[in-house]
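First up is the structure itself, then whatever we jot down about it.
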Amino acid sequence: MREITKIYIDGEFVTPHGEDTFDLFNPSTEEKIGTVRLGDRAAAQAAIAAATRVFPAFSRTSKQERIDMLKRLSAAVSARAEELNAAMAEEYGAPRYFIDFSVPNAAASFLHMAKTLEEYDFTRKIERAEVTMQPLGVVAAITPWNSNYGFICSKLATAIAAGSTIVIKPSEMSAIQTQILTECLHAAGLPNGVFNIVNGRGDVVGAEFSSNPDIAKVSFTGSTAVGKQILRASAETLKRVTLELGGKSPNIILDDADLDEAIPAALIAGVMNSGQACIAGTRVLAPESRLPEILERLKSGMQAMKVGAPNDPDVRIGPMVSQKQYDRVQSYIRLGREEGAHILTGGEGRPEGLNRGWFVRPTIFTDVTNDMRIAREEIFGPVLVVIPYRTEEDAIRIANDTSYGLYAYVYGADIDRARRVANRLESGRVSINGAPHEPLAPFGGFKQSGIGREYGVYGLEAHLEPRAVLV
């Protein structure tokens, strides 16, 4: 049983102000594995004060000094990869393939930002003006539970590269992971107060970060509903915001697609991270002319995906993170049937042979129209809907008929045609034929999938303000 009793403020592990606690569970077994003591508004204010105090000096550090810090942070995270992996497996239950990706990805985020920084010119001449890109001030990062290491490290890396100090509120559901990661970051030896990490509730610590006048920017990853609350709170002091929010990504299979390649790729996109991913391609758009064949392949492919705990390397889909999330996914499966959709595979309850743990039966709905709630709302679990289309124009119309616009997927043999389709999609990113993540390309959403961009030079400039000096 783990008891997390410290938060990290001004370079030290300290006991948080406030006495509320939160229970931690292993989602594969439903067993309680620990508790975390939560910070309150006073703890959040102490973290902000530390970051505010050190900001003037840190903002004047050289580019090379910050590059060196980023490299030290990367090495410190990599050094404890085995412990970080074990904590993620126990506390989150992600499949082994996702766990094995997470720590290297988190460590690499510092190196990607160091590379961006090396090539970035903070000073430019525009006629008589000298324009310099200035750090904003203290940044607040609020991160979710579905990729704890990645979100903390990428937001921290960007703030440091910009010359800003940062306060971080991770999900309290990831406290064991956060504790080990914080120890790694502490070992990198950054100046005290540059980064501060406070476990706490969103409506307490997150609310303080969003409203406190000493915070210059909020960078949030999470649900659209919470993002709107943060935007409203931040407006009072005109904070800069980066919001990476929900998605209902279209998975478009064009009529010339090689189904031997497209179907496995579409399924992976649909159930990545056990379906607990904002970029999951959960709306499969299939041409009517090939619908029977596509449905048959989707069904057999989904049924072949093993569900279970992370100790089995063959598992592709792990548990939902909590009882609440399990119940949410079950409610959407019931809703789909009530709306008139038919279950191709899956359904309510746990998969056969799993009598404990928050495991969901991977589910595919057919006879779905794009106006159904299961086609419009983010379920955040391994639940896909198949929507038929008649023409390419029809596919594009359906794909864009959503309040979201974070990610999209296109599969087709004719690459030029696939590009033309991709260029008409209202989405922050489009992957063609399973193209992998590009860590230096901008990431963020159209419409209600968010505001602003992260990663690379676009993420860096979202943490900078241009100042012109006229001579």
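The values are calculated or read from the model by the stated rules, or taken from the named source; none is laboratory data. Only a predicted model underlies this, so the values are computations on that prediction, with no experimental measurement involved. Cβ placement follows ideal geometry from the backbone for every residue including glycine, while neighbour counts extend to all protein chains displayed.
Looking across the stretch 168-186, just one residue is part of a loop (DSSP other than H, G, I, E, B) and under 23 Å from Leu70 (Cα atoms), and that is Pro170. Just wondering, is there one or more residues in the stretch 190-206 that are among the polar types (S, T, N, Q) and more than 25 Å from Phe58 (Cβ to Cβ)? Scanning the stretch 190-206 turns up no residue that is among the polar types (S, T, N, Q) and more than 25 Å from Phe58 (Cβ to Cβ). When Val329, Val321 are screened for being part of a loop (DSSP other than H, G, I, E, B), under 21 Å from the mean Cα position of the chain (by Cα) and at pLDDT 95 or above, only Val321 passes. Filtering the stretch 429-448 to residues that are part of a strand (DSSP E or B) and crowded, with 19+ Cβ neighbours inside 10 Å leaves Arg429, Val430, Ser431, Phe443. If you go through the stretch 8-34 and keep only what is of a type in the set (S, T, N, Q) and over 27 Å from Val307 (Cα atoms), you end up with Thr15, Thr21.
When the criteria are applied in full, Ala413 meets the requirement of being surrounded by fewer than 15 Cβ atoms within 10 Å (Cβ to Cβ), over 25 Å from Glu377 (Cβ atoms), touching an Asp or Glu at 6+ places or on another chain (Cβ under 6 Å) and of a type outside the set (Val, Ile, Thr). When Gly189, Gly206, Gly193 are checked against the criterion of being of a type in the set (Gly, Ala, Ser), within 21 Å of Thr15 (Cβ to Cβ) and in a loop (DSSP other than H, G, I, E, B), Gly193 stands alone in meeting it.
Taking the stretch 397-417 as the range and being within 20 Å of Lys248 (Cα to Cα), out of contact with any Phe, Trp or Tyr (no Cβ under 7 Å at 6 or more places or on another chain) and outside any strand (DSSP E or B) as the test, the residues that pass are Arg397, Ala399, Asn400, Asp401, Thr402, Ser403, Tyr404, Leu406.
The strands (runs of 3 or more DSSP E) located wholly in the stretch 1-106 that include 1 or more residues which are crowded, with 16+ Cβ neighbours inside 10 Å and of a type in the set (S, T, N, Q) occupy 21-26, 31-37.
Here's the yes/no breakdown for (1) more than 15 Å from Ala257 (Cα to Cα); (2) of a type in the set (Ser, Thr, Tyr):
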| residue | (1), (2) |
| --- | --- |
| Tyr404 | yes, yes |
| Ala422 | no, no |
| His437 | yes, no |
| Gly450 | yes, no |
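One line per residue, one yes/no per condition, for (1) without any contact (Cβ under 8 Å) to a residue 60 or more places away in the chain; (2) within 19 Å of Ile379 (Cβ to Cβ); (3) assigned by TED's automatic domain parsing to the domain that holds Pro388; (4) not in a loop (DSSP other than H, G, I, E, B):
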site	(1), (2), (3), (4)
Phe220	no, no, no, yes
Lys228	yes, no, no, yes
Ala233	yes, no, no, yes
Leu238	yes, no, no, no
Asp256	no, no, yes, no
Asp260	yes, no, yes, yes
Ala269	no, yes, yes, yes
Asn273	no, yes, yes, yes
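Looking at the stretch 458-471, which of the residues that are more than 19 Å from the chain's Cα centre (by Cα) and among the aliphatic types (A, V, I, L, M) is surrounded by the fewest Cβ atoms within 10 Å (Cβ to Cβ)? Here the residue is Val471.
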